[in-house]
Structure formats: structure tokens, C-alpha cells
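This report refers to the structure that appears directly beneath it.
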Amino acid sequence: MTSPVPFVEQIAAVVDASLKTIAGLTSSEEVAQATPALVGKKSALSQLKSSMGSITDSEERKSAGQALHAAQTSVDAALGAKKSDCEATEMAAQLLREQIDITEHLVSGTSRGRLHLVTQATQRLEDVFIGLGFQVAEGPEVESDFYNFEALNMPKSHPARSMWDTLFVESEEPGSVVLRTHTSPVQIRVMQNWPPPIYAIMPGRVFRRDTPDATHMPVFHQIEGLVIDRNITFKDLAGTIEAFTKAFFGDDFTSRLRPSYFPFTEPSAEFDIRRANGSWIELGGCGMVHPDVLRAGGLDPEEWSGFAFGFGIDRMAKERHNVEDIREMYTNDLRFLRQFSS
Ligand code: PHE
């Protein structure tokens, strides 16, 4: 009969095995799974503890108790250390996975792209008008007949509607939904939604049934201006156009107004600007807001008066950069677009 293995040695063996197991754990999930077998009620250490009662010699039992306590402590400590180790590693890995690089890279030789010519022009126009005290508004590109025509003093079958070659959107009531032919419908929306006085500009895309050529595109951009206040006169309109011309093009540019016709302004005018070389560029239309239009916008013409203007942005960008053919701005040829840095 072999003598039983001394208790203290059994403890040492269990500790040894436990520490080896712990050393082999690689994640907090593994630590959690292994914990009951290492320090739980059914662990080898607990079993040793319950068998301690069989030691008859009290001295021996006392030292066995101390050894068991020390064993328990060291296994607990190793397990705890392993757990926090794994958690730290896992947290670091998670942070690494979730990190977002918010530094801006300016690597020389790398192309960062540019704003399109028309976007540059729109932003400059906005800056100039904001400087003159205007606010920026926007409206939908798909418009109702009401906003695009009717509210602008063009009832159904008004001949002036043919001034705009309209693209219609299929709808339940044919002809009632259009791609806006100008930015003027936004005037009505602004009047309906903003309490006067109003000093607003409204840039955006507009659409016309036009065959593309050197000076026309079926999709282009306009900027609308609307001023509504008390006692606004034609002089204010002319003064604003002139102030804008100088602010946008430079002090050596001037503007002029020529009589014209629009159903939504009365009187109406066309405005041109004079280049430094003395030649004139036609820029857009303008006039005093028609009383019917004020009423459609929910304003009393006895109390409020105002002026409006609208012009093409693409045309302006074309003039400013001496682009020969407006179609070139939309063929997305990078060799063309790269010439115009923002
Ligand atoms: N909406 C007109 C056009 O597209 C321009 C305009 C705007 C004229 C405002 C007068 C007042 O031609």
C-alpha cells in the first residue's frame, strides 16, 4: 500500500495546475468560463478544503489550513490579474477598431478636387448678398403650376407662359406639376413663410425644354432676389443692382436697366453690366413686384412694396472665366474643370 500523498503536496499540485491553466487563458470570455472550475464550489481547491476534516493531527491540520488559504489567495490573484489583463487588451483592440482619423491630410501631389465653377460662383454671389444684408432661401425643383406660373400673375393660358419652354412632370392632373422654369416661384414661398420686411436671395437649379448649344443648357442655375419693405421704389432696385455689380465684379464695373416685360413685375426691366473694356453683358430680369404677386404671397400691396430680380449663374461663370461654350462646364472633362481652382 502506498502512503497517501501529503496534503500540502496535493495543495501545491493543485496550485501548479491552476496557475498553468490561468496562464493559458487568452480572453476575458475564457477567464469567465474557467473561473468556476478554478475557484468555485466544485473546484479542486474546495474539494481539498472539505477533505481537511480527515486530518487527525491538529498541528498538521493547522498548517494544511494555512497552506490552503495561501493557495486560494494566489489562485484568486492570478485569476484577477489575468482578467484585467485580458480586459485591457480587448479594450485597446476595440478602441483601435473604432478609431476615426479626423486629421486632414495634405499630402503633396495628391489631388483633393475642386468646387465646380457654378458652385464657386453661387458661393461668391451668396457672400456678396449676405454682405448687403440678404438672407438665403431655397425652394423645390419640382414645382406646382401654381407657384411656377399662377401665383406669378400668369393664369392658365396666359400667353406669357410660353416665355418658358416648360418641362412637365407626369401627374394625376396633367400639366399641374412642372420642373421649375425659373427661381421666381421661391419668391411666393418666401412671402408666404417669412414675415416682412424681406431681403432674400434664392439660388437654385432650373429647367427648360432647350436644345443645348454654346449659350444654353436645359438645366442651369439662377439666383433670385426679393426685397419687400415699406416704401420700396425703383430707385432702391437700381441702387441694389449697382451695389451688387461693384461688389461682385469690381469697382470699374457699372450696371444699366432697360425696359422689358415680365408678368410678375411692373414696371419690368432687363439689366446689363458693363465690362472694363466697355462692352455690355446681359445679365437678367428685374422689376417692382406686381400687386397681384404680393397678394398671392399673402401681403397687402397697400402696405408693402418691393422689387425682384433674377439672373443666370452659369452665364456669369462663363463670362467671368471666358469659357467659350457653356456645355464644356457639364461634360465633366477634368482637364477642363481643373483650370478653375476655388
Ligand atoms: N424669372 C425671370 C426669368 O427667368 C427673371 C426675373 C426674376 C424677372 C425676377 C423679374 C423679376 O427670366
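The values are calculated or read from the model by the stated rules, or taken from the named source; none is laboratory data. On a predicted model such as this, the values are computed, not experimentally measured, just so you know. Methodologically, a virtual Cβ is constructed for each residue, glycine included, from the backbone with ideal geometry; neighbour enumeration extends over all protein chains shown. To get the accessible areas, we keep the full protein, side chains included, count just its heavy atoms, and leave off ligands, DNA and RNA. Shrake-Rupley method; radii C 1.70, N 1.55, O 1.52, S 1.80 Å.
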Roughly speaking, what is the centre-to-centre gap between segment 205-275 and segment 62-84 when only Cα atoms are used, to the nearest Å? 88 Å
Express the relative contact order of segment 117-337 as a whole percentage, based on alpha carbon pairs under 8 Å and six or more residues apart in sequence. 21 percent
Round to the nearest 10 and give me the degree value, 0 to 90, for the angle of helix 7-23's Cα axis relative to the longest principal axis of the chain. 20 degrees
Among 275-282, 287-294, how do they line up by average Cβ neighbours within 10 Å per residue, starting with the highest? 287-294, 275-282
Under 28 Å between alpha carbons, and skipping anything fewer than 8 positions from residue 318 in its own chain: which lysines qualify? 246
Once you sort the root eigenvalues of the Cα gyration tensor of segment 175-322 as a ≥ b ≥ c, which label holds: rounded (a/c under 1.5), prolate (a/b larger than b/c) or oblate (the other case)? oblate
Nearest 20 debye, what's the magnitude of the dipole of the chain about its Cα centre given +1 on Lys and Arg Cβ and -1 on Asp and Glu Cβ? 600 debye
Once R0 is set to 45 Å, what does the formula 1/(1 + (r/R0)^6) return for the Cβ-Cβ distance between residue 123 and residue 33, expressed as a FRET efficiency to the nearest 0.05? 0.15
Of 62/82; 20/62; 41/62; 20/42; 41/83; 41/82, which sit over 25 Å apart, Cα to Cα? 62/82; 20/62
Surrounding charge for residue 25, neighbours by C-beta under 15 angstrom, Lys/Arg +1, Asp/Glu -1, total -3
Run lengths n ≥ 4 of DSSP H only: what is the helix-derived mean residue ellipticity at 222 nm for the chain, with -39500 (n - 2.57) per run over all residues, to the nearest 500? -13000 deg cm²/dmol
For a quick size check, give me the Cα extents of segment 101-230 along its three principal axes, largest first, whole Å. 60, 42, 31
For segment 7-98, what does the equivalent ellipsoid look like in terms of its semi-axes, each the square root of 5 times an eigenvalue of the Cα gyration tensor, given largest first in whole Å? 33, 11, 9
Cβ-based charge dipole, the chain, positive-most Cα from 129, 330, 48: 48
Summing +1 per Lys or Arg and -1 per Asp or Glu among the other residues with Cβ less than 10 Å from residue 120's Cβ gives +3
Contour minus end-to-end for residue 73 and residue 142, with contour as 0.36 nm per residue of separation and end-to-end as the Cα-Cα distance? 17.3 nm
Using the crude model of +1 on Lys and Arg Cβ and -1 on Asp and Glu Cβ, and no other charge, please compute the dipole size for segment 7-98 relative to its Cα centre, in debye to 20. 240 debye
Among 268, 294, 278, whose Cα projects farthest towards the positive end of the dipole of segment 234-321, with charges put on the beta-carbon of Lys, Arg (+1) and Asp, Glu (-1)? 278
Taking the chain as the reference, fit the longest principal axis to its C-alpha atoms, fit the long axis of helix 58-98 to the helix C-alpha atoms, and give the angle between the two in degrees, 0 to 90, nearest 10. 20 degrees
For the chain, dividing by residue count, accessible area per residue (probe 1.4 Å) in Å² works out to 57 Å²
Charge-dipole axis of the chain as Lys and Arg at +1 and Asp and Glu at -1 on Cβ define it, positive-most pick from 166, 34, 144: 34
Rounded to 10°, Cα long-axis angle of helix 28-39 versus longest principal axis of the chain: 20 degrees
Can you pull the Rg over Rh of the chain, Cα-only, Kirkwood? 1.51
With every protein chain kept in the model, how would you rank 127, 236, 314, 229 by accessible area, 1.4 Å probe, largest at the top? 127, 236, 229, 314
Quantify, in whole percent, the carbon and sulfur part of the accessible surface of the chain (1.4 Å probe; protein heavy atoms only). 53 percent
